[in-house]
Amino acid sequence: MKKLISILLVCLMVFSLTACGPKKPAAEDPVNTGTDGDKVADPAKDSVVIAILASPDSLDPMGTTMLYASMVFKNINGYLYEYNEKNELVPSIAESYEANETSTVYKIKLKKGVLFHNGEELKASDVVYTMERGKSHPFKPMNYELIDKVVALSDYEVEITLVSSYAPFIGVLATPNFAILNEKATTELGDDFARNPIGCGPYKFVSWTDGENVKLEAFNDYFNGEPSIKNALIKFIPDYNTALIGLETGEIDYSYVFPESAKLDIEANPDLDLFYFDSTSFHFITMNHDVEALSNKKVRQAINLAINREDVVAVAVEGEGKVCFIPVNTNTFGYMDVKGYDHDVEKAKSLMKEAGYADGFKLTITAQDPMTKKIAEVVESNLSEIGISLEIEVLEGNTAVGNFVSGKYEMGILAINNALLDVDFLKILYAPDGTLNLANYNNNELYDMFVEAGQISDQVKRLEMYKQIYDMLIDEAIYVPLFFPNRAHAMSSELSISHVGGSSIAEIYNMKWK
């Protein structure tokens, strides 16, 4: 339960890929301080200070689903495959791979000379250890259940056999919890590994001060080349306005954290820039089908028709979002231009009458922060036009998500991030009796179509099946898709970054000072 709550709660803060550019005079570097604690300017400009919203819970990539943890450990670890600035899967630790016709067996060749931070060379045995550790890890990290067995064919070749065919598997290898670990270091550290990680990525772990920051330093023997930024301080700043002030004073160089309302001010500031990227954060309304009225498809369709998504975007994110009718954005495999429910109050009223609810009914809608409360207020106004009276309750995040997962709610507003960049990831929302089937909607035919589509190697044929799936999702109106926000990070205008990686993570290796 704790793991699943983390998945969804963190989803409220999620982002994804591709971008714009950045400018700013040399900022002082709080990583280096004088004896009195005052900041000392770093003329070499080889350090960066990054603000994230919260402290990690663990730096074991298999022991957490928390986005803030990934924002740290993605810089420490290496992966067999990565997404580049074009959202293309490219080899990283891997050199190449071959898959059999059924996409059940993957032979992966490894690069030679890849070093871990303890000086050991990465071998196939480390990949085998990583996969076996993931399969048996008590936290049960996502997607390791796909793996049947892993064997080292040589020091630099590994064979992974899956339980069943799974076409997006190479994309799975690029997700945060599939970091390749060093068997010796991880085993020796034991439980201490979660706070003292050793990886093969571009940055070495230095220290973690609870409630304050994590310090990293460049690993000059990184297999993809020496990092430009030599020192990094990742600060935990839970207040948006505090982070904004830090940006404006130069105490912070790059920030995930700032008020949406400050975008115009940031853009007008010659010392700052915004770096935009496509979001994979799917914002939606979940409806509990165990509620009698919501078990009626015509009622759900009426709700989808009554909600003005353009108004939701205007109010919730000040217009900085893209209305959606399916749970995938343009940077995710499976995206297609599918039309859903237009805003049509009269048609919604007609469906309510057909469903036997011409006089409407009352429901409670659950929000969990200021943004979702704004969404709830728009939805309340919209649904009042078709006779549905909503009471808005605002709960603390863990409590709200716990209620969603346990089915103790009627309607709720949340978001989920697609770290896989493949629509197959979203089947967790529709799995019959699955814990993340928040709607309590059970349709074996729909879920079987999702599973079958994930087994099709031919991408054209996969897309054909997803078109059928989307038609069914829209007709069944299981959830209410709302929007994908236009995401941006704020940064010094003298700092540049090539791209923001999957799950909206800004990797320090992709940054450099102008």
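Working carefully through the options G246, G250, find the one that is open to solvent by less than 10 Å² (accessible area, probe 1.4 Å), in contact with an Asp or Glu (Cβ under 7 Å, 6 or more places away or on another chain) and either within 11 Å of M491 (Cα to Cα) or modelled with pLDDT under 95 (or both).
Details: G246 fails: in contact with an Asp or Glu (Cβ under 7 Å, 6 or more places away or on another chain).
From the options G246, G250, the qualifying one is G250.
For the condition under 18 Å from K123 (Cα atoms) and in contact with a Lys or Arg (Cβ under 8 Å, 6 or more places away or on another chain), what is the one hit in E251, E217, E157, E183?
Working: E251 fails: under 18 Å from K123 (Cα atoms); E217 fails: under 18 Å from K123 (Cα atoms); E183 fails: in contact with a Lys or Arg (Cβ under 8 Å, 6 or more places away or on another chain).
Checking each option against the conditions leaves just E157.
Out of all the residues in region 275-292, which are of a type outside the set (F, W, Y), at pLDDT 95 or above and open to solvent by less than 10 Å² (accessible area, probe 1.4 Å)? Steps first, answer last, please.
In the first step, residues of region 275-292 are kept if they are of a type outside the set (F, W, Y); the result is 278-281, 283, 285-292.
So of that shortlist, the ones also at pLDDT 95 or above come out as 283, 285-292.
Scanning region 275-292 gives H283, I285, T286, M287, N288.
If a residue must be buried (at least 17 other Cβ atoms within 10 Å of the Cβ) and touching an Asp or Glu at 6+ places or on another chain (Cβ under 8 Å), how many such residues does region 174-184 contain? Step through it out loud before you land on a result.
Here is the first cut: in region 174-184, the ones buried (at least 17 other Cβ atoms within 10 Å of the Cβ) are 174-183.
From what is left, the residues that are touching an Asp or Glu at 6+ places or on another chain (Cβ under 8 Å) are 174, 180-183.
Count: 5.
Go through region 138-165 and count every residue that is within 25 Å of V451 (Cα to Cα), assigned to a loop (DSSP other than H, G, I, E, B) and at pLDDT 95 or above. Break it down into steps so the answer makes sense when it comes.
Of region 138-165, the ones within 25 Å of V451 (Cα to Cα) are 139-150, 159-165.
Going one step further and asking which of them are assigned to a loop (DSSP other than H, G, I, E, B), we end up with 139-143, 163-165.
Add one more test, that the residue is at pLDDT 95 or above, and what stays is 163.
Going through region 138-165 one residue at a time, the tally reaches 1.
Would you point out the residue of region 148-173, among those that are closer than 25 Å to D422 by Cβ, β-branched (V, I, T) and over 22 Å from the mean Cα position of the chain (by Cα), that is surrounded by the most Cβ atoms within 10 Å (Cβ to Cβ)? Break it down stepwise before answering.
At the first step, the residues of region 148-173 found to be closer than 25 Å to D422 by Cβ are 148-150, 158-173.
So of that shortlist, the ones also β-branched (V, I, T) come out as 150, 158, 160-161, 163, 170, 172.
From what's left, over 22 Å from the mean Cα position of the chain (by Cα): 150, 158, 160-161, 163.
Values: V150: 20, V158: 26, I160: 23, T161: 13, V163: 11.
This residue is V158.
For the list (1) assigned to a strand (DSSP E or B); (2) buried (at least 17 other Cβ atoms within 10 Å of the Cβ); (3) small (G, A, S), I need the number of the one condition that S103 fails.
Just one mismatch for S103, condition (1).
Which condition number does N143 fail, the rest of (1) open to solvent by less than 50 Å² (accessible area, probe 1.4 Å); (2) more than 28 Å from the chain's Cα centre (by Cα) being met?
Here N143 clears every test but (2).
Take the residues in region 485-504 that are open to solvent by 10 Å² or more (accessible area, probe 1.4 Å) and in a loop (DSSP other than H, G, I, E, B), then tell me which one is nearest to H283 (Cα to Cα).
N486
How many residues are touching a Leu at 6+ places or on another chain (Cβ under 9 Å) and buried (at least 20 other Cβ atoms within 10 Å of the Cβ) when one looks only at region 209-228? Step through it out loud before you land on a result.
Going through region 209-228, the residues touching a Leu at 6+ places or on another chain (Cβ under 9 Å) turn out to be 213-216, 219, 221-223.
Now narrow it down to the ones that are buried (at least 20 other Cβ atoms within 10 Å of the Cβ): 213-214, 216, 219.
Matching residues across region 209-228 total 4.
Being open to solvent by less than 20 Å² (accessible area, probe 1.4 Å) and among the charged types (D, E, K, R) is the filter here, so list the residues in region 417-442 that pass it.
Listed by number, the residues that qualify are D422, D424.
Per-residue answers, yes or no, for (1) modelled with pLDDT of 95 or more; (2) of a type in the set (V, I, T); (3) open to solvent by less than 50 Å² (accessible area, probe 1.4 Å); (4) in contact with a Phe, Trp or Tyr (Cβ under 9 Å, 6 or more places away or on another chain):
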| site | (1), (2), (3), (4) |
| --- | --- |
| M62 | yes, no, yes, yes |
| A69 | no, no, yes, no |
| K74 | yes, no, yes, no |
| E85 | no, no, no, no |
| A94 | yes, no, yes, yes |
| E120 | yes, no, no, no |
| G134 | yes, no, yes, yes |
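Against the conditions (1) assigned to a loop (DSSP other than H, G, I, E, B); (2) modelled with pLDDT of 95 or more; (3) small (G, A, S), where does G319 fall short? Just the number, please.
(2)
Which of (1) modelled with pLDDT under 95; (2) open to solvent by 10 Å² or more (accessible area, probe 1.4 Å); (3) not aromatic (F, W, Y) is the odd one out, the single condition E445 does not satisfy?
Unmet for E445, out of (1) modelled with pLDDT under 95; (2) open to solvent by 10 Å² or more (accessible area, probe 1.4 Å); (3) not aromatic (F, W, Y): (1).
Out of region 197-208, which residues are surrounded by fewer than 17 Cβ atoms within 10 Å (Cβ to Cβ) and not β-branched (V, I, T)? Steps first, answer last, please.
First pass over region 197-208, keeping only residues surrounded by fewer than 17 Cβ atoms within 10 Å (Cβ to Cβ): 206-207.
Within region 197-208, S207 is the sole residue that qualifies.
Considering every residue within region 463-473, establish whether at least one is closer than 22 Å to T330 by Cα, open to solvent by 30 Å² or more (accessible area, probe 1.4 Å), touching a helix residue (DSSP H, G or I) at 6+ places or on another chain (Cβ under 7 Å) and not in a loop (DSSP other than H, G, I, E, B). Spell out how you get there, then give the answer.
Taking region 463-473 as the starting set, the residues that turn out to be closer than 22 Å to T330 by Cα are 463-473.
Pick out the ones that are also open to solvent by 30 Å² or more (accessible area, probe 1.4 Å) and you get 463-464, 467-468, 471-472.
From what is left, the residues that are touching a helix residue (DSSP H, G or I) at 6+ places or on another chain (Cβ under 7 Å) are 468, 472.
Narrowing further to those that are not in a loop (DSSP other than H, G, I, E, B): 468, 472.
Yes.
I'm trying to understand the selection: among the residues of region 447-480, which are within 28 Å of L383 (Cα to Cα) and not small (G, A, S)?
Of the residues in region 447-480, the ones within 28 Å of L383 (Cα to Cα) are 469-480.
Across region 447-480, the qualifying residues are I469, Y470, D471, M472, L473, I474, D475, E476, I478, Y479, V480.
The values are calculated or read from the model by the stated rules, or taken from the named source; none is laboratory data. Worth saying up front: this structure is predicted, and the values here are computed from it rather than measured. No Cβ is skipped: glycine too gets one built from the backbone with ideal geometry, and neighbour counts run over all protein chains shown. Note: accessible area is taken over every heavy atom of the protein model, side chains too, but ligands, DNA and RNA are not part of it. Shrake-Rupley method; radii C 1.70, N 1.55, O 1.52, S 1.80 Å.
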